[in-house]
Each structure stands twice: as C-alpha cells, then as structure tokens.
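Peer 1: Before I ask anything, let me first share the structure, which is written out below as structure tokens.
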Amino acid sequence: MYNVFIDGREGTTGLQIYDRLAKRGDCKILILPEEKRKDIAARKECLNNSDVCFLCLPDAAAKEAVALIENKDVKVIDASTAHRTADGWVYGFPELSKERRAMIEGAKYVANPGCHATGFISLVAPLVTCGIVGADYPFVAHSVTGYSGGGKKMIAEYESEGRDAALDSPRQYALSLTHKHLPEMVKECSLAHAPIFNPIVSDFYCGMCVTVPLYRNLLLKKYRPDDIREFFAEYYASQNFIKIAKKDEIPAYLAANELAGTNFLKIYVCGNEDRILLCSVFDNLGKGASGAAVQNMNIMLGLDETFSLI
C-alpha cells in the first residue's frame, strides 16, 4: 500500500488525480481537514509521510512544498510549471525515448509536462532529434483547448448563467506571444528559438488539438506526409498511450475532444506534397495533466504504466 498525498487536491488537476487513484486498491490517500489545507506544519507532515506526493499548486507554492520535504524516500511529481526546466528534475514524458523512461523510473523528482507542451513536443521533438527538421526551423503552433484547462475560475465563468456572449466564440490568448509552456517546449525539442505559439480556448469542457504546419522544402529530409506518418509509427511503436492515425483515418473535421476522458494521444499527419500539417489530439486533463501524472507515478513505482489508466 502506497501513501499518496495530493498537495492542492482541490484544483482541477488535483481532483482528477484523486478520482483516478481513489479507484485503486494500492493507494492510501492522505487527506488534510479543510481547516488545515493551508497549514504549513500539517502539509509538511503529509508530504514527509507519503511515498509519492503530487504538487498541484501555483509555482511559488510548489517550490515551498519541495523545501518542506525532508524524507529522502519521498517521490515528487510536480504538476506546476515551477520545475519543468529545472536542474535535478526529470521531465515526465516517458515516450520520448528509452533513456527518458529509465530516468523517470529512477527519479525522485519528476516535472509533469504542460498540456500544450505535450502536444507540441510529441510532434516536434522526434523530428528534430532524428534530423528530419532543423532546430532552427521557424515553427508555428496552434492549440485549441477546452475551458477546463483554465482551472476553477474559468470553468465557473463558462458554466455560469447569463455569461458573456464572447464565451460562445473560440478565444485566442497569449497575444504577446509569451506563454508559460514555451520554455519546456524549447528545451525538450532542443530548439534554437521559441516557436510562434497561438493557444485558443473554446466552449467545450476538455480535449485539445495542437497543430504544427511544415513546409516540405524547408525540411532537412524532404519527407512527404506518408513518410512522416511511417516515421512516427515506428518511433512510437512500443508506446501504450501514443497512437498514429492511418491515412484512411483522417476525418473531414478533426475534433479536439476526440479523446476526452482518456490518457491517449493520437497523431494525425495531414497535408499534401508541399505543405504538411501535424496534429496531436488528446485530453488536456488526461495525457495533458492528471493522466500523465498517474502514468509517471506508475513508472516511478515500478508498476505497469497503464494501471488505472486504460
């Protein structure tokens, strides 16, 4: 039986992790009374009495929580942005390579990937690593997400009566072209510079579609869509949660909520001989957050990574 503490259980990601683990028979979830939820001494006790702790907190609070941990045997999975590019932390995307999976298996500190970053990295990192696209390619990425990614405040805003009519329309944000996921996208893909990244929130609860367009004549290897599809199929062949859509599976309309409620991620390779469109579809609360966190926990504990996720 593993003692698990979710620091920040009341947030969207924390609640999702709790719901996933509550169905298992191998986890005892340590829960603080409501009045002690922000009590540092009480949090410290739970953090140090856990085998695994999840940090579902703002960045500053996540850093504070790590400083409270004195028990060297506690494994930490941070769902915040605080440690995704930090030294001493393993970026928790096991599908990137056998080496990355092995690092997660032996890690004490794992930083859970951001949702938008998960979609971008799944598409771009393999292409750059294998020399198909250069690290200096002028990447552009668009990401359509459900409103649950904005947390409790945004969820309440979208689900309130008499809401603003602007919420009926997809809304692009981060118009300054700065976003908290950009540093991890650059680092994990070994890019020479940040991509132009356009996130868009829309009126559905959960799901995400990240798209990356490519000009074939700018690729280092002049792959066509079929070539890239075959490359991805081989690259992710042994993975449980990443699937590659076959050519005859490409729909007329690609829905961002296709995989809502799952921990799966599906890659579509579309386009034509000159212009290629890569699409990564998954649940922003699943493979983009809580599902990935539980997957990382399973790996860190030496369990089947699919346990309670399929």
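Rule-based calculations on the coordinates, nothing more; no lab input. Being a predicted model, the structure only gives us computed values, none of them experimental. Using ideal geometry, Cβ is built from the backbone for each residue, glycine included, and neighbour counts are taken over all protein chains shown.
Peer 1: Taking Cα centroids, how far is region 1-25 from region 212-283 in Å?
Peer 2: 32 Å
Peer 1: Once amide H atoms are placed 1.01 Å from N in the peptide plane, what residues at a sequence separation of 5 or more from residue 29, or on another chain, have their amide H within under 5 Å of its amide H?
Peer 2: 4
Peer 1: Continuing with the same structure: So which residue, out of 36, 28, 44, gets the largest mean-square fluctuation from a GNM of the chain using Cα contacts under 10 Å as springs?
Peer 2: Its mean-square fluctuation being the largest, the pick is 36.
Peer 1: Moving on to the next point. Once you have the Kirkwood Rh of region 16-72 from its Cα pairs, apply Stokes-Einstein at 10 °C and 1.306 mPa s and quote D in µm²/s.
Peer 2: My calculation gives 129 µm²/s for D.
Peer 1: Given a Förster radius of 22 Å and the C-beta distance between residue 60 and residue 85 as r, what FRET efficiency does 1/(1 + (r/R0)^6) yield to the nearest 0.05?
Peer 2: 0.85
Peer 1: Oh, and also: Could you order peptides 97-109, 179-191 by the average number of other Cβ atoms within 10 Å of their residues, highest first?
Peer 2: Highest mean packing first, the order is 179-191, 97-109.
Peer 1: Pull up all non-local amide H partners of residue 271: gap of 5 or more, or a different chain, and H-to-H distance under 5 Å with H placed in the peptide plane.
Peer 2: Distant-sequence amide H within range of residue 271: 277.
Peer 1: Using just the helices of the chain, give the 222 nm mean residue ellipticity in deg cm²/dmol: DSSP H runs with n ≥ 4 each add -39,500 (n - 2.57), and the total is spread over all residues, rounded to 500.
Peer 2: Theoretical 222 nm ellipticity from helices: -8500 deg cm²/dmol.
Peer 1: Enumerate the calculated ³J(HN,Hα) couplings along region 32-45 in order (Karplus 6.51 cos²θ - 1.76 cosθ + 1.60, θ = phi - 60°), each rounded to whole Hz, writing x wherever the residue is Gly or Pro.
Peer 2: 8, x, 3, 6, 10, 4, 10, 6, 4, 5, 5, 4, 4, 4
Peer 1: I want to check the label-to-label distance for residue 45 and residue 136. Put each point 7 Å from Cα in the C-beta direction and report it in nm to one decimal.
Peer 2: The answer from the label model is 5.9 nm.
Peer 1: If you line up the long axis of helix 115-129 against the longest principal axis of the chain, both from Cα atoms, how many degrees apart are they, to the nearest 10?
Peer 2: Tilt relative to the chain: about 50 degrees.
Peer 1: With +1 on each Lys and Arg Cβ and -1 on each Asp and Glu Cβ, and nothing else charged, work out how big the dipole of the chain is about its Cα centre, in Debye to the nearest 20.
Peer 2: Using Cβ point charges on Lys, Arg, Asp and Glu, the chain gives about 340 debye.
Peer 1: Restricting to region 115-284, what percent of DSSP beta bridges are antiparallel, rounded to 5?
Peer 2: For region 115-284, the DSSP antiparallel bridge percentage is about 70.
Peer 1: Continuing with the same structure: Explain nothing, just the number: relative contact order of region 115-284, from Cα pairs under 8 Å at least 6 residues apart, as a whole percent.
Peer 2: 30 percent
Peer 1: Kindly state, as a whole number, the per residue volume in cubic angstrom of the convex hull around the alpha carbon atoms of region 1-153.
Peer 2: Per residue, the Cα convex hull of region 1-153 comes to 141 Å³.
Peer 1: For the chain, take the longest principal axis of its alpha carbons; what is the angle in degrees between that and the long axis of helix 225-235, to the nearest 10 within 0 to 90?
Peer 2: For 225-235 against the chain, the angle is about 30 degrees.
Peer 1: Which whole-number percentage describes the relative contact order of region 83-166, with Cα contacts under 8 Å and a sequence gap of 6 or more?
Peer 2: 19 percent
Peer 1: Give the relative contact order (percent, whole number) for the chain; include only Cα pairs under 8 Å separated by 6+ residues.
Peer 2: 19 percent
Peer 1: How long is the gain from residue 161 to residue 29 if the chain were fully straight, where each residue apart is worth 0.36 nm and the alpha carbon distance is subtracted?
Peer 2: Gain on stretching residue 161 to residue 29: 44.0 nm.
Peer 1: Taking the Cα centre of each part, how many Å lie between region 140-172 and region 74-119?
Peer 2: 28 Å
Peer 1: Now, a different point. Roughly how tilted is helix 12-22, in degrees to the nearest 10 and between 0 and 90, from the longest Cα axis of the chain?
Peer 2: Orientation of helix 12-22: about 70 degrees from the principal axis.
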